[in-house]
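These notes are about the structure you will find just below.
The values are calculated or read from the model by the stated rules, or taken from the named source; none is laboratory data. Bear in mind that the values here come from a model prediction, so they are computed numbers and not experimental data. A quick note on method: Cβ atoms are made from the backbone with ideal geometry, for glycine too, and the neighbour counts reach across all protein chains shown.
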Amino acid sequence: MIRTEQAEVVYPNGTRALAATSLTFAPGAFTVLLGPSGAGKSTLLRSLNGLVRLTAGKVVAEEADDLREPHALRRHRRRTGMVFQQHQLIGRATVLANVLTGRLGYHSGLRTLLPFSATEKRRALDAVARVGLIEYALRRCDQLSGGQQQRVGIARALVQEPALILADEPVASLDPATAERVLSLLHGICKADGIAAVVSLHQLEFARRFADRIVGLAKGAVVFDGSPSKLGRAETLRIYGAEPADNDEDSEEPLQLKTGTHA
Amino acid sequence: MLAPSAGHIGILHEHRRAVLRHAGLVGVIVLVCFGALWLTGFFDAQRLIEGGPALGQLASEMVPPDFSRWRAWVGPLVDTLAMSIAGTALAIVISLPLALLAAPNTSPNFAVSQSCRLILSALRSVPELIMGIVFVAAVGFGALPGVLALALHSTGMVGKFYAEAIEHVDPRPLEAARAAGASRFQVITHAVLPQVLPQLADITIYRWEYHFRASTVLGIVGAGGIGFELIAALRVIRYDQVSAILITILLCVVVVDSLGAWLRKQLK
């Protein structure tokens, strides 16, 4: 369980990326964040593991009463996997080496200088096998396709033994067929292991299909929060400010929304 | 069929102005070069004409090269090689922490970054020959002052290049490591260094090749190695031995450079 209490993010240039938001994410639930670019999806996701600092309010997690406390933040981060749009792997490192970086949160100080233990390597290989890449374990990541790289990203999150996975547009850079496979892999793993997930997406169709709950954001504020069945035409209009071209992951958002909220 | 329009003519005018600007700049650069040559006495025909025969005389004394003392050069050559390796090793050990503290993305704060940059520029602004003289005065003749001079001057160079390589790493894997709970130190060991190791190796090997050449010069101020033999032969005006030593050094430089090239290939 993780929740935000009046969490607000105002960037130094005055842009209010996230208006005071209070949300609770239940254990094991697959939540999808929808909204146009600049609506605050990334900011909300990154505030859930402290990559973005709140300017007001707080985030409360299972192992951390307040993410502003460094030790609590670290405890929280090591149980929180993150999957990125650009996968954020080290291209010249092997799949195994990249996945092992997911274990760093469990190491402290000088232990870091020693190699990873055999147990951790086995665990990493288990994660690699789970995303279907075991025959590529010793291949350099920059030799893999986009979809394979994103699977490595998922394995890196998995090896953390997470209670929560945050995914920031994990399939936005993939072709539709690959996107579908990668997303259902992520969804299947989260459901099987009871991992809560907060996933930002562009595609309404995917959101309706995979989400237990959809949170719609516009201009940094929550404008919809409910089950996919409640997301009708009017609600979609409220999120996007216009009728989105469904099933088009490249759909550019209406211009008036891209400028964001300059306070 | 396109008729020349006012817009096109405007573009052509603009283009001609750009060409003229460039030509003017090239002209100025050429003038400055001639000025520099004139200032340094290059257009003094008298001196150059007289210099020709003197040079010829010197060259004739250099042939045939006299390799008869080669046994005496083996030890100093090994010294020179050892100096270049030891100097490089020391330079790595001092440079890496300084570079990590100097690069903005791994430095704890702006003040630390700036002071490390200052240290690096200070070290590189003192020529190794001057450092060699200082260290010879401090610890006496031999290879040790040479190694210290090479290492310290190189730290200024190598540290700067390391810092630049570190500064330009892809920041995204760093964010991913932080998100997984990695500490600042772990981000460096597992996200920054894995990205830049080939570049750091490249810089280091180039520097080693350079050290071999530089350590021959350092011998001139008494910092040991083959350079010491070279200056000794010059002092007793044995130009045939000087040329023999120069040929020997050239051969060794070729060997060291190709070894370096091979190493770089292995570490790619």
Hey, among the residues in region B:251-261 that are β-branched (Val, Ile, Thr) and touching a residue at least 24 places away in the same chain (Cβ under 8 Å), which one's nearest to B:SER60 (Cα to Cα)? B:VAL253
Kindly indicate whether A:GLY102 is of a type in the set (Gly, Ala, Ser), under 25 Å from A:ASP168 (Cα atoms) and within 14 Å of chain B (Cβ to nearest Cβ). yes
Is it true that some residue in region A:88-107 is crowded, with 20+ Cβ neighbours inside 10 Å and in contact with a Phe, Trp or Tyr (Cβ under 6 Å, 6 or more places away or on another chain)? yes
The residue from B:THR248, B:THR216, B:THR189, B:THR204 that alone is free of Cβ contacts under 8 Å to residues at least 12 places away in the same chain and outside any loop (DSSP other than H, G, I, E, B) is B:THR189
Looking at (1) under 30 Å from A:GLY91 (Cα atoms); (2) free of Cβ contacts under 8 Å to residues at least 40 places away in the same chain; (3) away from chain A (no Cβ under 13 Å), which is the only condition B:MET131 fails? (1)
Residue check, A:ALA129 at pLDDT 95 or above, more than 10 Å from chain B (Cβ to nearest Cβ) and more than 21 Å from the chain's Cα centre (by Cα): yes
Pull up region B:166-186, narrow it to residues that are among the aliphatic types (A, V, I, L, M) and in a helix (DSSP H, G or I), then point me to the one that is farthest from the other protein chains (Cβ to nearest Cβ). B:ILE166
Report yes if B:VAL187 is modelled with pLDDT of 90 or more and aliphatic (A, V, I, L, M), otherwise no. yes
